[in-house]
Amino acid sequence: MPAAQPHPCPCGAGAPLDGCCGPFLSGRDLPPTAEALMRSRYTAYALAEVDYLLRTHAARTRPARQDIADWAAAARFTGLQVLQTHAGGTGDATGTVTFVARFVADGQVSAMAERSRFERDDGRWVYVDGEQP
């Protein structure tokens, strides 16, 4: 019997979930860059990991838990494309990531482009907010 294939990570980086965003979602590791956090948050939406989404959202801009849960449940996430990153590296305090997230909601295929802002909070990256370009 062939071995089970590992589940690919929804973030689209090309690695299995356990070797990509999985350690971040489980709390075993912290994303080292703003882009890694953004990819892990996309994965968390795809897997409806609401606690992770709350934990990685800046407290001052964090939406209600139910709002996050409703959005994660309403959409089936189908792809992520990172277009650009600015700063957000291991030695930075802030950074931005511009991306396109594809999803299906209410039977409609959709895409959302966003330029997300991230900052370090007590040494860990958090999502602050975003704007549609």
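Every read-out reported here was derived from the displayed coordinates using simple, explicitly stated rules and does not represent laboratory data. Keep in mind the model is a prediction, meaning the values are calculated, not measured. Ideal geometry is used to build each Cβ from the backbone, glycine not excepted, and the neighbour counts take in all protein chains shown.
Just report the Cα centroid separation between segment 88-116 and segment 119-133, whole Å. So the separation of the two Cα centres works out to 12 Å. Annotation: average projected area of segment 11-53 is 2.6 square nanometres, based on the convex hull of Cα atoms across all directions. Near Ala75, no amide H atom lies under 5 Å from its own; only residues 5 or more places off or on other chains count, and H is placed 1.01 Å from N. Note on Ala15 and Ala113: their simple-model spin labels are 2.9 nm apart, each label 7 Å out from Cα toward Cβ.
Where does the charge balance sit around Gly88 when Lys and Arg score +1, Asp and Glu -1, over other residues with C-beta under 11 Å from its C-beta? Once all neighbours under 11 Å are counted, the net charge is -1.
Close amide H partners of Cys9, meaning residues 5 or more places away or on another chain with modelled amide H under 5 Å apart, are Gly14, Ala15, Leu17. Legend: ranking of residues Cys9, Cys21 from fewest to most surrounding C-beta atoms inside 10 Å; resulting order Cys9, Cys21.
Our estimate of slack between Asp29 and Ala64, defined as 0.36 nm per intervening residue step minus the Cα-Cα distance, is 10.1 nm. With one equal scatterer per alpha carbon and no solvent term, the Debye-computed log10 I(q)/I(0) for the chain at 0.10, 0.13, 0.15 1/Å reads -0.31, -0.52, -0.69. Couplings 3J(HN,Hα) of segment 15-24, computed from phi: 9, x, 3, 5, x, 10, 7, x, x, 6 Hz, in residue order, whole Hz [Karplus 6.51 cos²θ - 1.76 cosθ + 1.60, θ = phi - 60°; x for Gly and Pro].
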